[in-house]
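**Q** Quick one: this structure, given as structure tokens, is what I'll be asking you about.
The values are calculated or read from the model by the stated rules, or taken from the named source; none is laboratory data. None of these values were measured; they are calculated from a predicted model. A quick note on method: Cβ atoms are made from the backbone with ideal geometry, for glycine too, and the neighbour counts reach across all protein chains shown.
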Amino acid sequence: MRYLPVVYFLLLPVEVFSQNLLANGDFEEENICTEYKVNCSPEAWVTNKDGFSTYINDPGSAYCGKRYLAIEVGHTTKNFQRTFYRTRMLCGLRKDHHYRLEFYIRSPYSVLDSMGVIFSPYDFLFSKKKLQNLIPTMFIRPANGSFAADSNWQKVSMDYVATGDESFMTIASFCRRDIKGEKPNAAGGHFFVFIDDISLTPQDVHEQLCKEAQGNKESIYEQDERHEFLRQKIRQNNDNPPAVVIPSTRMLIIDTLVLPDMLFASGRAELQKGSFKVLDDFFGKLAGKMIDSIVVEGHTDNTGTLSTNEKLSEERARSVRDVIKQEPGLSKLAIIIRGWADKRPVAANTTAAGRQRNRRVELFVYANE
């Protein structure tokens, strides 16, 4: 009786690193404003007030790096004096998709529960609505369940379900009451809340930055007017700024193929003849897809030395890569090979059947939707 090779088509967990949808989230890159030619604010982040006192360079007090932001939440003599920081996202969000917003915050005042975030399709700089009269998209929440009553850095971590029309994000205090009667933490009577190290990332590991992200970042960084130049621009706009549409994130769709050990020569990297038809059938199913990249990973059982298994697993992955390179339309793709030896077993190595399952080559094909 002739036994046919068993080929597994399945989805496997793959390490795909989501990327920050917010530019300059650590605030270390400085904008040089066109008016005074000084480093007065972080790139990509714009406040409704001059940035000299709200963009702080102090490595000793920053959560990480050297710089962080100060958001004014009140003033000792000026009623409801508040500032906000807003940024434009690198890519739009996908409707009903989940995103994780994280950053670090600190303040000596009991105001953190009133801090919030507004996602909007328009630039919040041109809105004339008073912050104390608004309800944010969401109030911030601490990662550990409650804010501590001290002035140390505390982590904020929240999940957000997108509506699909988000282009800008704004952070501010939305407290209904004014803050008075306490000692301010800055000269001039200002009450500040401090922000550092912010990120907004997709929770779906297959969701990645749009291809326009780099170009969007460059155009965001080109907005250099600040101070009076910025105020003039704001005065020229009305209270109904137009929506800004940016391309949404892209989805990477994974097709996975597992080539079992029997498709290779015993203990060697050469592919058997039967493997070529398996590969041809698999790549035939990919016709018409916008393939982004391919990852080929070789695996062995734990028989033999680690160095021998590392070499064999990598050579088998390379053999498959060489076949892919001969496939029309795939020769110029980015193809990554990895040899894992016996470090990622899918079965116990204590039985012959388990060892055979562990001897395999896996192909992960990433395609744009």
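**Q** Tell me, yes or no, whether the stretch 328-351 has at least one residue that is in a helix (DSSP H, G or I), basic (K, R), without any contact (Cβ under 8 Å) to a residue 60 or more places away in the chain and more than 25 Å from I253 (Cα to Cα). Working first, answer last.
**A** So in the stretch 328-351, the residues in a helix (DSSP H, G or I) come out as none.
No, every residue in the stretch 328-351 fails to be in a helix (DSSP H, G or I), basic (K, R), without any contact (Cβ under 8 Å) to a residue 60 or more places away in the chain and more than 25 Å from I253 (Cα to Cα).
**Q** Output the number of the condition that G116 fails; it satisfies all remaining conditions of (1) over 14 Å from T170 (Cα atoms); (2) assigned to a strand (DSSP E or B).
**A** (1)
**Q** So, one more: For the stretch 130-143, what are the residues that are in a loop (DSSP other than H, G, I, E, B) and either within 15 Å of T47 (Cα to Cα) or small (G, A, S) (or both)?
**A** K130, A143
**Q** For the stretch 55-65, state whether one or more residues are under 27 Å from K130 (Cβ atoms) and not small (G, A, S).
**A** We begin by selecting, within the stretch 55-65, every residue under 27 Å from K130 (Cβ atoms); these are 55-56.
This time we only want the ones that are not small (G, A, S), so: 55-56.
Yes.
To keep it simple, each residue is scored yes or no on (1) over 25 Å from the mean Cα position of the chain (by Cα); (2) under 16 Å from S107 (Cβ atoms).
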| residue | (1), (2) |
| --- | --- |
| I140 | no, yes |
| V156 | no, yes |
| D178 | yes, yes |
| A187 | yes, no |
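**Q** For the stretch 166-186, name all the residues that are acidic (D, E) and at pLDDT below 95. Break it down into steps so the answer makes sense when it comes.
**A** Here is the first cut: in the stretch 166-186, the ones acidic (D, E) are 166, 178, 182.
D178, E182, listed by residue number.
**Q** Right, something else. Keeping to the stretch 52-74, report how many residues are surrounded by 19 or more Cβ atoms within 10 Å (Cβ to Cβ) and over 26 Å from the mean Cα position of the chain (by Cα).
**A** 3
**Q** Where residues in the stretch 135-149 are surrounded by 16 or more Cβ atoms within 10 Å (Cβ to Cβ) and out of contact with any Phe, Trp or Tyr (no Cβ under 6 Å at 6 or more places or on another chain), which of them is nearest to N79 (Cα to Cα)?
**A** That would be I140.
**Q** Next question. Being in contact with a helix residue (DSSP H, G or I) (Cβ under 8 Å, 6 or more places away or on another chain) and closer than 30 Å to E225 by Cα is the filter here; which residues of the stretch 116-174 pass it? Let's see the steps before the verdict.
**A** Within the stretch 116-174, the first condition is being in contact with a helix residue (DSSP H, G or I) (Cβ under 8 Å, 6 or more places away or on another chain), and the residues that meet it are 118, 125-126, 139-140, 142, 147, 154, 168, 170, 172-174.
Residues satisfying the conditions are I118, L125, F126, F139, I140, F168, T170, A172, S173, F174.
**Q** Just checking, which of K49, K95 is of a type in the set (D, E, K, R) and loosely packed, with under 14 Cβ neighbours inside 10 Å?
**A** Result: K95 is the single residue among K49, K95 that is of a type in the set (D, E, K, R) and loosely packed, with under 14 Cβ neighbours inside 10 Å.
**Q** Something else: Could you figure out which of (1) more than 25 Å from K211 (Cα to Cα); (2) modelled with pLDDT of 90 or more isn't true of I337?
**A** In the conditions (1) more than 25 Å from K211 (Cα to Cα); (2) modelled with pLDDT of 90 or more, I337 misses (1) alone.
**Q** I would also like to ask the following. Could you check, for the stretch 181-196, whether at least one of its residues is within 30 Å of N368 (Cα to Cα) and assigned by TED's automatic domain parsing to the domain that holds Y109?
**A** Checking the stretch 181-196: not a single residue is within 30 Å of N368 (Cα to Cα) and assigned by TED's automatic domain parsing to the domain that holds Y109.
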